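A.B. asks: Mind looking over this structure? Questions follow.
The values are calculated or read from the model by the stated rules, or taken from the named source; none is laboratory data. A quick note: this is a predicted structure, and the numbers were derived from the prediction, not measured. Cβ placement follows ideal geometry from the backbone for every residue including glycine, while neighbour counts extend to all protein chains displayed.
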Amino acid sequence: MKKNPIKKAQFYEKYKNNIVKCSLCPHNCIIKENSTGICGVRKNIVGVLYTLNYGEITALNIDPIEKKPLFHYYPGKKVFSIGTWGCNFKCAFCQNFEISQIHPYSIYKISPEELVDIVVKKNMDMVAFTYSEPIVWYEYVYDTAKKLKENNIKTILITNGYINREPLLKLLPYIDAVNIDLKGFNDEFYKKIIGGKKEPVMENIKILIKNKIHTEVTTLVVTEGNDNKMELEDLFKWLGEISKDIPLHLSRYYPIYKYNKPSTDILFLKELYQIARKHLNYVYLGNVWDKSYESTYCPKCGNLIIKREGYNIKIQNIDDKGRCKHCLKEIPIFF
């Protein structure tokens, strides 16, 4: 790639004494000269805010769409998946901390134009920005997503949803699907363990649904972190009030990085599954590997619609109009 990974950033304000305020995400970092924001990738250089990771790719794979996870968006298909370094959260249990919290040594440098060429040559029709946090890769994601749209290639974000309204709305015309992490319903958990606030994420879920972006939600259930049953039911109720058809993925936590509490109890997760099903039509358990909790059922008659065993997918009992063959209820899944 000929372009330098240092590129002038969008969404910031200039203050006196070469100080800038980044307005990309709700941290709204005030950044002194020669310093970076919380994300570590947006730097003040002589009073101008730059992004340090433009075109820098730390992970590149072709994944099953279910791995994102997206269960209601072209099930069984493959998605070209890329990620960079940096994140605007500091989750103590981050599973990708090697690339999200530090600048890794192994990096591909690929321009938006080059990336689109690669995707086209591989006959892929979907690209996911994933692994680390695409919000702090904003300029590259925006430029690339525009070019992908020109080539009729879908753009997917796997994100923590911690972005301000203006940059989100600017990006949305080029986004087709999102899995957003709602990391809990506890303010203290978000503040102390995640390093942020839950309200902006909640507001952005509403914005995505209002703008008809296909949206699925993931909540990692963390032992002695966000695993209060009443709080989680409040989360389920809140999502259901927006739309009962939002797919919810409840994932099992494993000890990693700086957090060493025991893995999430599987029986507890299955109990949460039953509670969530009272408020939402489509609930799934992740990191459990139990087909009963990975499969899609008709919320009206209980008919099995998609059987999942890991990444093995069998679509059944749904007609060519997207309806359950048994009761004719419309199932909100893209095929």
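A.B. asks: Of a type in the set (S, T, N, Q), buried (at least 19 other Cβ atoms within 10 Å of the Cβ), part of a loop (DSSP other than H, G, I, E, B) and more than 18 Å from the chain's Cα centre (by Cα): does that describe residue 152?
C.D. replies: For residue 152, the condition - of a type in the set (S, T, N, Q), buried (at least 19 other Cβ atoms within 10 Å of the Cβ), part of a loop (DSSP other than H, G, I, E, B) and more than 18 Å from the chain's Cα centre (by Cα) - is not met.
A.B. asks: Could you list, in sequence order, all residues of region 290-310 that are within 22 Å of residue 275 (Cβ to Cβ) and in contact with a helix residue (DSSP H, G or I) (Cβ under 7 Å, 6 or more places away or on another chain)?
C.D. replies: Answer for region 290-310, where residues must be within 22 Å of residue 275 (Cβ to Cβ) and in contact with a helix residue (DSSP H, G or I) (Cβ under 7 Å, 6 or more places away or on another chain): 293, 308.
A.B. asks: Here are 113, 139: which of them is surrounded by fewer than 20 Cβ atoms within 10 Å (Cβ to Cβ) and either assigned to a strand (DSSP E or B) or modelled with pLDDT of 95 or more (or both)?
C.D. replies: Working: 139 fails: surrounded by fewer than 20 Cβ atoms within 10 Å (Cβ to Cβ).
That would be 113, the only listed residue that is surrounded by fewer than 20 Cβ atoms within 10 Å (Cβ to Cβ) and either assigned to a strand (DSSP E or B) or modelled with pLDDT of 95 or more (or both).
A.B. asks: Pick out the one residue from 171, 157 that is within 23 Å of residue 29 (Cβ to Cβ) and in a helix (DSSP H, G or I).
C.D. replies: Testing whether each residue is within 23 Å of residue 29 (Cβ to Cβ) and in a helix (DSSP H, G or I) leaves just 171.
A.B. asks: What is the one condition in (1) loosely packed, with under 14 Cβ neighbours inside 10 Å; (2) assigned to a loop (DSSP other than H, G, I, E, B); (3) not hydrophobic (A, V, I, L, M, F, W, C) that residue 279 does not satisfy?
C.D. replies: (1)
A.B. asks: When you go through 118, 99, 107 one by one, which is the residue that is over 22 Å from residue 216 (Cα atoms), modelled with pLDDT of 95 or more and surrounded by fewer than 23 Cβ atoms within 10 Å (Cβ to Cβ)? Give the derivation first.
C.D. replies: Details: 99 fails: modelled with pLDDT of 95 or more; 107 fails: modelled with pLDDT of 95 or more.
After applying the criteria, what remains is 118.
A.B. asks: Got a sec? Which of 199, 133, 216 is on the phi < 0 side of the Ramachandran plot, of a type in the set (Asp, Glu), over 15 Å from the mean Cα position of the chain (by Cα) and modelled with pLDDT of 95 or more?
C.D. replies: Criteria check complete, one pass: 199.
A.B. asks: Kindly indicate whether residue 94 is of a type outside the set (Phe, Trp, Tyr), part of a loop (DSSP other than H, G, I, E, B) and either crowded, with 22+ Cβ neighbours inside 10 Å or in contact with a Cys (Cβ under 6 Å, 6 or more places away or on another chain) (or both).
C.D. replies: On the way: of a type outside the set (Phe, Trp, Tyr): yes; part of a loop (DSSP other than H, G, I, E, B): yes; either crowded, with 22+ Cβ neighbours inside 10 Å or in contact with a Cys (Cβ under 6 Å, 6 or more places away or on another chain) (or both): no.
When the stated conditions are applied, residue 94 does not pass them.
A.B. asks: Shifting gears a bit: When you go through 260, 179 one by one, which is the residue that is on the phi < 0 side of the Ramachandran plot and touching a residue at least 40 places away in the same chain (Cβ under 8 Å)? I'd like the intermediate steps shown before the answer.
C.D. replies: Working: 260 fails: touching a residue at least 40 places away in the same chain (Cβ under 8 Å).
Of the residues listed, the single one that is on the phi < 0 side of the Ramachandran plot and touching a residue at least 40 places away in the same chain (Cβ under 8 Å) is 179.
A.B. asks: OK, next. Kindly indicate which of 120, 79, 127 is in contact (Cβ under 8 Å) with a residue 24 or more places away in the chain and assigned to a helix (DSSP H, G or I).
C.D. replies: The match here is 120.
A.B. asks: With of a type in the set (Ser, Thr, Tyr) and over 19 Å from residue 144 (Cα atoms) as the only criterion, which of 74, 50, 54 stands out?
C.D. replies: None of the other options fit; the residue is 74.
A.B. asks: Working carefully through the options 300, 270, 314, find the one that is modelled with pLDDT of 95 or more and part of a strand (DSSP E or B).
C.D. replies: Sole residue among the options that is modelled with pLDDT of 95 or more and part of a strand (DSSP E or B): 314.
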